1. For the stretch 26-50: of the residues being in contact with a strand residue (DSSP E or B) (Cβ under 6 Å, 6 or more places away or on another chain) and basic (K, R), which is surrounded by the fewest Cβ atoms within 10 Å (Cβ to Cβ)?
2. Any residue in the stretch 53-60 that is in contact with a strand residue (DSSP E or B) (Cβ under 8 Å, 6 or more places away or on another chain), at pLDDT 60 or above and assigned to a loop (DSSP other than H, G, I, E, B)?
3. Which of the numbered conditions does T23 fail, given that it passes all the others? Conditions: (1) at pLDDT 70 or above; (2) touching a Pro at 6+ places or on another chain (Cβ under 7 Å).
Amino acid sequence: MNQKRQKALLRVGCRVPTYIYETTDPTKPVRTFEVKQSVHDEPLRSDPETGEAARRVISAGYNLLVRGKSVGPCVGSVGSH
């Protein structure tokens, strides 16, 4: 990402999401790692530290709901709890 874009994101107060990746070499144990990336960045194809092949893990995310005092993963409609 270029410096002009980085400065613009910081001025607006945008937060860069953290993505979870896992290694994909079938001859080794699966290892997970996290990387902070812009939503506009292409997914990584390898671990930046080891060079081992990797893929992005798709997850549902995590959400805190104050209104109904629900805390936990957001997996359905909120309703009137």
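The values are calculated or read from the model by the stated rules, or taken from the named source; none is laboratory data. Bear in mind the structure is a predicted one, so any value in this text is a computation, not a measurement. Positions of Cβ are generated from backbone atoms using ideal geometry, with glycine treated the same way; all protein chains shown enter the neighbour counts.
1. K36
2. Yes, there is a match, as at least one residue in the stretch 53-60 is in contact with a strand residue (DSSP E or B) (Cβ under 8 Å, 6 or more places away or on another chain), at pLDDT 60 or above and assigned to a loop (DSSP other than H, G, I, E, B).
3. Here T23 meets the rest and fails (2).
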